[in-house]
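Taking it in order: structure first as structure tokens, then the write-up.
Derivation of every value follows stated rules applied to the coordinates shown; laboratory data play no part. Keep in mind that this is a model prediction, so the values were computed, not measured. Don't worry about glycine lacking a Cβ; one is built from the backbone with ideal geometry, like all the others, and counts go over all protein chains shown.
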Amino acid sequence: MAPQAHPDSEKRVKAPWFEYQAPRTLKEGLEALRDAGPDGRVLAGGQSLMPMLNMRIAAPTHLIDINRIETLNHLTVEGDMLRIGALVRHADVLRSKKIREGWPLLTEATTQVAHLAIRNRGTVCGSISHNDPAAEHPSILATYDGSVVIASTEGTREVPADAFSDGMMSTILEPGEMVIEVRYPRPAAGAGQAFVEYARRLGDFAVAGAAAILEVREGKCARARLTVVGMGDGPFRAAGAEDLLIGAEMDASTSAELFAAAAAKVMDEVDPAEDVHASSGYRRHLAGVLTKRALATAFARTGSV
Amino acid sequence: MGKEQTITCKVNGRSYEKSVPVRQSLADFLRDTLSLTGTHLGCEHGVCGACTVSINGRSVRSCLTLAVQADEAEIVTIEGLRNESGEWHQIQKSFHENFGLQCGYCTPGFLITAIELLEENPDPTEEEVREALSGNICRCSGYSAIVTAVMAAARDMRELQKT
């Protein structure tokens with residue numbers, strides 16, 4: 001029997017109408033995005049955008065599917081800079097030996113991103129563009145002091161990770177612009193890197209998380225980067241705690257006290273929202289606990305202990 | 001552009017050329033247009049894993065993929081798991097023998113996910129199996145029998161490789 005369309009197939013469609021284009025070159029893609037106007041959206045992995053379409057939370061007029069732009073599928077290390085193109089999937093990050101060796105924090109965090117099938121499609125740049133405060137990637141990029149490369153038909157610009165977020169699920173991207181690459185500078189040799197998070201179930205969005213990079217020279221903290229996940233409108237850089245750590249004596253006997261002080265500082269600074277998953281107070285408590293754990297693990301990995 | 005686009009794709013070894021509404025999900029295309037109703041839809045926003053199919057060898061949520069995106073792709077669904085002589089895939093046999101399903105609604109997604117796991121990692125630990133299957137929700141089995149079935153399938157597939 002020849003397959004037949006379901007009689008109600010058109011009524012059963014979830015997503016609202018949009019114009020769909022799948023350009024083959026970046027130039028065509030950027031032109032399509034420009035022509036689409038303010039309600040055009042880029043479709044990469046689609047693992048956040050498609051649910052939003054299915055639930056009709058988002059209703060873009062145009063979808064520019066970039067999956068056929070092969071030049072965006074690059075994962076390279078040039079000197080001390082890791083460059084991840086807009087089509088690199090979470091699964092590609094997990095398979096990359098270069099990342100595991102030089103940017104282990106990125107690998108560690110990516111193991112916590114959703115599940116196998118989602119990681120096969122979802123992209124790092126997509127997660128950063130989406131800027132969900134509970135997502136791992138925006139915070140990890142900020143912890144590395146990375147940057148975002150943005151393109152439009154007018155040209156490209158590079159923006160520091162800390163300046164990219166513009167509130168919850170919002171970024172400084174203008175209409176006609178898209179993220180084509182993110183860049184992660186390599187921490188100094190011997191830096192300790194760690195990511196910890198708490199989620200109700202493996203692969204869920206984090207209720208809270210903490211990412212830390214520590215560099216220790218001659219018993220003193222030479223560099224500290226600390227970001228907490230799930231606390232604010234976007235990645236939350238714990239600048240006060242970083243200031244407290246940098247320059248401090250850091251050895252096995254004093255580190256516990258120092259990290260407790262840093263955790264207290266973080267708990268002071270964050271102002272987490274309350275939602276169905278956790279109260280504000282519980283999130284603040286987790287921020288402290290996870291900060292201590294991330295710092296202790298990162299310190300242990302500096303080899304100074 | 002327009003509301004419909006023509007795609008060509010291969011599903012379970014068979015080639016199709018079809019005009020699809022651009023907003024149609026791959027899951028709806030498989031079920032409603034190709035009548036391959038073995039791919040089940042649970043949550044339709046990527047959480048439950050029931051609709052998982054294989055695209056170019058990788059497991060993917062068909063509810064979060066547009067049918068137009070499957071242009072030029074090779075897709076395998078639950079209907080494509082039997083071999084040419086009509087025998088079940090080892091993973092299907094193993095789920096059958098180990099009571100790895102009750103109502104069966106989630107099973108197609110579990111099978112596609114497990115096959116990808118075993119292709120990448122033919123000798124997984126139980127923890128690795130549980131991690132790989134963590135994106136598939138089953139509301140009747142309690143998972144233990146599913147994990148047992150995947151471990152048994154891994155063993156059987158390794159044995160078959162030797163012979």
(request) Could you give the size of the charge dipole of chain A about its Cα centre, using +1 on the Cβ of each K and R and -1 on the Cβ of each D and E, expressed in debye and rounded to the nearest 20? (result) 980
(request) At 7 Å along the Cα-to-beta-carbon direction for both A:T61 and B:F99, put a label point, then send me their distance in nm to one decimal. (result) 5.9
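Semi-axes of the equivalent ellipsoid for the stretch A:70-185, please: Cα gyration tensor eigenvalues, times 5, square-rooted, ordered largest first, whole Å.
Rounded to whole Å, the semi-axes are 20, 16, 14.
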(request) Given the options A:A15, A:A206, A:A86, state which has the largest fluctuation in a GNM of chain A using a 10 Å cut-off (strictly under) for Cα springs. (result) A:A15
(request) Give me the angle, in degrees from 0 to 90, between the Cα long axis of helix B:144-162 and the longest principal axis of the Cα atoms of chain B, rounded to the nearest 10. (result) 90
(message) Whole angstrom only: what separates the Cα centroid of the stretch B:106-163 from the Cα centroid of the stretch B:49-70?
(response) 19
(message) Just to be sure I understand the curve: with the Debye formula and one point per C-alpha of chain A, what is log10 I(q)/I(0) at q = 0.08, 0.09, 0.16 Å⁻¹?
(response) -0.38, -0.47, -1.28
(request) Starting from the Cα-Cα distance between A:L94 and A:E70, subtract it from 0.36 nm times their residue separation and give me the gain in nm to one decimal. (result) 6.6 nm
(request) Enter the angle in degrees (range 0 to 90, nearest 10) between the Cα long axis of helix A:26-36 and the first principal axis of the Cα atoms of chain A, meaning the one along which they spread out most. (result) 70
(request) Express the relative contact order of the stretch A:19-65 as a whole percentage, based on alpha carbon pairs under 8 Å and six or more residues apart in sequence. (result) 55
(request) Distance between Cα centroids, the stretch A:82-109 to the stretch A:150-167: provide it in whole Å. (result) 21
(message) Nearest 10 degrees is fine. How inclined is helix A:280-301 to the longest principal axis of chain A, computing both from alpha carbons?
(response) 70
(request) Compute the length gained on full extension between A:R201 and A:V276: take 0.36 nm times their separation in residues and subtract their Cα-Cα distance, giving the result in nm to one decimal. (result) 25.5 nm
(request) Find the relative contact order for chain B and round it to a whole percent, using C-alpha pairs within less than 8 Å whose residues are 6+ positions apart. (result) 23
(request) Please provide three numbers in whole Å: the alpha-carbon extents of the stretch B:4-80 along the principal axes, with the largest listed first. (result) 29, 24, 20
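Provide the three semi-axes, in whole Å and in decreasing order, of the ellipsoid equivalent to the stretch A:51-113 as defined by the square roots of 5 times the Cα gyration tensor eigenvalues.
28, 16, 8
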(message) Can you list residues from other chains, or at least 5 along the same chain, whose modelled amide H is less than 5 Å from the amide H of B:S25?
(response) A:K14, B:A67
(message) Taking a virtual spin label 7 Å from the Cα of B:T37 along the C-beta vector, which residues in the stretch B:80-112 bring their backbone nitrogen under 18 Å of it?
(response) B:80, B:103-109
(request) Give a residue-ordered list of calculated ³J(HN,Hα) values for the stretch B:73-83 (Karplus: 6.51 cos²θ - 1.76 cosθ + 1.60, θ = phi - 60°; whole Hz; x for Gly, Pro). (result) 9, 10, 10, 10, 10, 3, 5, x, 7, 5, 7
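Once the piece of chain linking A:R217 and A:D268 is laid out straight, how much longer is it, given 0.36 nm per residue of separation minus the C-alpha distance between them?
Separation in residues times 0.36 nm, less the Cα-Cα distance, equals 15.6 nm.
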(message) For the stretch B:33-163, what does the convex hull of the Cα positions come to per residue, in cubic angstrom?
(response) 117
(request) Could you check what % of the DSSP bridge pairs in the protein assembly as shown are antiparallel, to the nearest 5? (result) 85
(request) Work out the FRET efficiency for B:R158 and B:Y16 from their Cβ-Cβ distance, taking R0 = 60 Å, and round it to the nearest 0.05. (result) 0.95
(message) In the stretch A:267-305, whose amide N lies under 20 Å from the spot 7 Å out along Cα-to-Cβ of A:M169? List them in ranges.
(response) A:272-280
